[in-house]
């Protein structure tokens, strides 16, 4: 199995929830990720865990203009999704984000794609201001925005723990390869049971 020695939650930790939005996580969404809805209860458990010890919870979201370059009508690979202000861009209704959640919008410029929650955003600055050194990551999709966010966090010097029971992939095989790459670059894989036991 993938699981390595678990690094526990410390006062220098934060939780990043990547793109748990209607268009990705509802069956009638514009770009549904299989099993996304299935992992939301586990993500909610992680949110409760972090809030119980007053640690930051960050939620990233795609926030595309209607004519974004990633959309097929404009030469990109994806159908229009997570358009600014649309219902599809809203967080999934079952996601129990706290009132003080930090929302990070990404890919909001027409001419720039951004899979990573760090790409063109203030996330690194905000984490630095809060003294965060250890980032726990959940969300979708494993082989796209989760991977990109994890790899950027590692490059920036964070200790990164990918919570494997709180992520979902577009393609299961590609998701496994993405996890392999994240581990090669220094990420640790863990799950809720292991985290509760630390």
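Each value in this text was obtained by applying a stated rule to the coordinates, not by laboratory testing. All values derive from a computational prediction rather than experimental measurement. Glycine also receives a Cβ, built like all others from the backbone with ideal geometry; neighbour counts cover every protein chain displayed.
Length available on full extension from residue 28 to residue 196: 0.36 nm per residue minus the Cα-Cα distance, which gives 57.1 nm. Between 182, 49, 129, the Gaussian network model of the chain with springs among Cα atoms under 10 angstrom shows the greatest mean-square fluctuation at 129.
Taking Cα atoms only, the orientation of helix 36-52 departs from the longest principal axis of the chain by about 50 degrees. From helices alone, the chain scores -8000 deg cm²/dmol at 222 nm; the rule is -39500 (n - 2.57) for each run of n ≥ 4 DSSP H residues, then divide by the residue total. In the chain, what percentage of the DSSP-assigned beta bridges are antiparallel, given to the nearest 5? If we restrict to bridges inside the chain, about 5 percent are antiparallel. Here the label points at residue 183 and residue 38, each 7 Å from Cα along the C-beta direction, are separated by 2.0 nm in the simple model. Straightening the chain between residue 122 and residue 156 buys 10.9 nm, computed as 0.36 nm per residue apart minus the Cα-Cα spacing. Distance from the alpha carbon centroid of the range 156-184 to that of the range 110-136 works out to 17 angstrom. The distance from the alpha carbon centre of the range 80-101 to that of the range 20-53 is 10 Å, rounded to a whole number.
Full extension of the chain segment joining residue 109 with residue 174 gains 20.7 nm, where the gain is 0.36 nm per residue of separation less the Cα-Cα distance.
Between 105, 52, 149, the Gaussian network model of the chain with springs among Cα atoms under 10 angstrom shows the greatest mean-square fluctuation at 52. Quick one: angle between helix 172-184 and the longest Cα principal axis of the chain, in degrees between 0 and 90, rounded to 10, please. Approximately 50 degrees, to the nearest ten.
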